[in-house]
């Protein structure tokens, strides 16, 4: 009983530190953020932070995992109840877009993390981790329905996922640079139709 409380408390403290890291990253920017700043935002001392995370890269992975997990929850809404692939595609992309509109600063942070990790050979694996995890979100969301429906022979689920991720990335950037939201919303509708056409083999 006491042991389970200790484990739970440690998990809560680790989550607190990760949320502090995300808050510090959004406020300060990736290049300038320090573990001291993260500890301040998380309301813990540096010794506690380093007990749970060996270095800043470990914290970045934790932050990415939390962002991805929260996005996964949004993408999975109602998917298990869907039997029609076109409806699934529409709902997954629409749910993703609704979340993106609510989390502008997080989207900026994700692009910043990607560029930072690509420029640094020591952290290049983080960029791949982020991209692969992002793709996995969509793959998991589509998988339930696609196990019941065969895709055209010229594509597989990985093709569909990469197509959707590429489209979403372009629309997110379009949105972040200040394009009228109505234009971006229209682009989302076109992406949905294009993904549905891809699955239909058109």
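Scan 68, 100, 89, 106 and give me the residue that is assigned by TED's automatic domain parsing to the domain that holds residue 168, on the phi < 0 side of the Ramachandran plot and at pLDDT below 85.
Answer to the selection: 68.
With the checklist (1) crowded, with 17+ Cβ neighbours inside 10 Å; (2) modelled with pLDDT of 90 or more in hand, flag the one item residue 48 doesn't pass.
It fails just one condition, (1).
Hey, any hits in the stretch 19-30 for a residue that's farther than 20 Å from residue 117 by Cβ, outside the structural domain of residue 96 (by TED's automatic domain parsing) and surrounded by 20 or more Cβ atoms within 10 Å (Cβ to Cβ)?
The answer is yes; a qualifying residue exists.
Yes/no matrix, rows are residues, columns are (1) without any contact (Cβ under 8 Å) to a residue 60 or more places away in the chain; (2) within 26 Å of residue 10 (Cβ to Cβ); (3) outside any helix (DSSP H, G or I):
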position: 49; (1), (2), (3): yes, yes, no
position: 89; (1), (2), (3): no, no, no
position: 118; (1), (2), (3): yes, no, no
position: 124; (1), (2), (3): yes, no, no
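So which residues in the stretch 31-45 are farther than 15 Å from residue 16 by Cα and surrounded by fewer than 17 Cβ atoms within 10 Å (Cβ to Cβ), if there are any at all?
Listed by number, the residues that qualify are 31, 32, 34.
Out of 143, 130, which single residue is free of Cβ contacts under 8 Å to residues at least 40 places away in the same chain and within 25 Å of residue 64 (Cβ to Cβ)?
Just one listed residue meets the conditions, 143.
The values are calculated or read from the model by the stated rules, or taken from the named source; none is laboratory data. Here the structure is a predicted model, which is why all the values come from computation and not from measurement. Cβ: placed from backbone, ideal geometry, glycine included. Neighbour counts: every protein chain shown.
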